[in-house]
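Participant: Structure provided below as structure tokens; questions to follow.
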Amino acid sequence: MARVKWLRQEHGEAEPRYVDALAVLQAALEAVDPVQAVQHVLQREGETLRVDDHAYDLRRFRHVWVVGAGKAGAAMARAAEIVLSERISGGWVNVKYGYTAPTAHVTVHEAGHPLPDDAGLHGARQIAQIVRRATADDLVLCLISGGGSALMPLPVEGVTLHDLQQLTEALLRSGAPIGALNAVRKHLSQLKGGQLARLAHPATVITLILSDVVGSPLDVIASGPTVPDPTTFADVRAILERYGLWQSAPSAVRRHIERGLRGEVAETPKAGDKALAQVQNVIVADNAHAAEAALHEAAARGFNALLLSTYVEGEAREVAKVLVGLGREVSAYGRPVAAPACLILGGETTVTVRGKGLGGRNQELTLAAALPLDDVPRLALASLATDGTDGPTDAAGGLVDGQTVARGRALGLDAAAALAQNDAYSYLRAVGDQLLTGPTNTNVNDLMCVFVW
């Protein structure tokens, strides 16, 4: 499992008490290890396969195919092979570059994220071929995790991969939440929004899901390839208009959506669709698992630990102000718990990009928190992307305290100016306050911790 590293500690410049803070983050990561999570839910007893509260007789299936997409896909495929071994006829899983694991029966294929690329398109075509040839005598095991939407791009006829790339980038820069982004993706895809299950019908489908979406709504995680889609073409049009993207969207995208609005293109499968009748969807791990593990580790290390929410959303720099306010309340008044305290929150914030810097939502949140934390003693704040890559960077997030701004000032850096340029990466790297893990092969949103000593 990946190790959480804080640059300041790696350079020998951190106080000993930060060892406990990093251990809390480490415990959260270890709790959502995909191999263990899948094996907990997927269990085999001879020719009986047990999946949560369902039992399947493997003797009735001629083939077992494994398909999927997401940052945890390789580790999940490895776990599936441990359980099913020789019963797997073959399979294909698309993963983010660098997120690999050894497999014997399932092809692990690296592709682009967060923007889809040609490698992802090639892999998505392979996945579609596998599920199309599945019959009523086959079992399709679908492994879905965070990043699956970008990693399984198979656009509808008439829409190109370049069109998808252009629209995805615009939506990401607009600050649109993941639910809105995925509603658009579903209606431009041959696999998302229940359509992978439609292609696999009449095969039996079991989907194991490692959730990267706040609240774990099945239809949103990786754009719900095997679950009913409650969104419509009308919703997609409204989303693009809301974020000022309708007129600038590729013409092929607008034509397809307009055809859908006129009923010339089939809607995504809805509840009750026969294609979904033989599908079981199971969450194997999510943000709550990570947050609860952090809670237990913090308590074991002597913190008065409190898990406040796993539903945190909103603009990263605004959420940062609230988290600092919570920490200062603990420090000044001992509310809602007394120091030493660890307040734990999970979720996923957004960033509206206005500058030309480099960063991600977790780094932006921590840099924004550093400003009101300036010279505040015995208080620190961490925000960690559990997938190990915060935005288009090699950092996982940041851990800041009352010295973060001063350390930058001593180097001739301006924290407020860096924030204005969305350049949290450069600033946090320079002052040693980045968190690094490398690829974690998991993804269950972000974890935020406020530490008060």
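Participant: Enumerate the helices (runs of 4 or more DSSP H) found wholly within segment 1-74, keeping only those where 2 or more residues are under 26 Å from Thr103 (Cα atoms) and touching a residue at least 40 places away in the same chain (Cβ under 8 Å).
Facilitator: 18-31, 34-41
Participant: Of the residues Gly272, Gly302, only one is in a loop (DSSP other than H, G, I, E, B), out of contact with any helix residue (DSSP H, G or I) (no Cβ under 9 Å at 6 or more places or on another chain) and either among the small types (Gly, Ala, Ser) or not assigned by TED's automatic domain parsing to the domain that holds Val131 (or both); which?
Facilitator: Gly272
Participant: Which residues, taken from segment 294-333, are touching an Asp or Glu at 6+ places or on another chain (Cβ under 7 Å) and either surrounded by 20 or more Cβ atoms within 10 Å (Cβ to Cβ) or closer than 18 Å to Arg17 by Cα (or both)?
Facilitator: Arg301, Ala316, Arg317
Participant: Condition check: of a type in the set (A, V, I, L, M, F, W, C), part of a helix (DSSP H, G or I) and crowded, with 17+ Cβ neighbours inside 10 Å. Does Ala101 satisfy that?
Facilitator: Considered against the rule, which asks whether it is of a type in the set (A, V, I, L, M, F, W, C), part of a helix (DSSP H, G or I) and crowded, with 17+ Cβ neighbours inside 10 Å, Ala101 comes out as no.
Participant: Being in contact with a Pro (Cβ under 8 Å, 6 or more places away or on another chain) and within 19 Å of Leu428 (Cα to Cα) is the filter here, so list the residues in segment 321-366 that pass it.
Facilitator: Once the filter is applied, which keeps residues that are in contact with a Pro (Cβ under 8 Å, 6 or more places away or on another chain) and within 19 Å of Leu428 (Cα to Cα), segment 321-366 yields Lys321, Val324, Thr350, Leu358, Gly360.
Participant: Looking at Arg133, is it closer than 19 Å to His63 by Cβ and free of Cβ contacts under 8 Å to residues at least 12 places away in the same chain?
Facilitator: Yes; evaluated as a whole, the condition is true for this residue.
This table checks each residue for (1) of a type in the set (Ser, Thr, Tyr); (2) assigned by TED's automatic domain parsing to the domain that holds Asp53; (3) in a helix (DSSP H, G or I).
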| residue | (1), (2), (3) |
| --- | --- |
| Gly215 | no, yes, no |
| Val227 | no, yes, no |
| Glu241 | no, no, yes |
| Trp246 | no, no, no |
| Glu258 | no, no, yes |
| Asn281 | no, yes, no |
| Ala293 | no, no, yes |
| Glu297 | no, no, yes |
| Leu308 | no, no, no |
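Participant: Given the conditions (1) under 22 Å from the mean Cα position of the chain (by Cα); (2) more than 30 Å from Leu84 (Cβ to Cβ), report the number of the one that Met1 does not fulfil.
Facilitator: (2)
The values are calculated or read from the model by the stated rules, or taken from the named source; none is laboratory data. Here the structure is a predicted model, which is why all the values come from computation and not from measurement. Please note: Cβ atoms are built from the backbone with ideal geometry, for glycine as well, and neighbour counts cover all protein chains shown.
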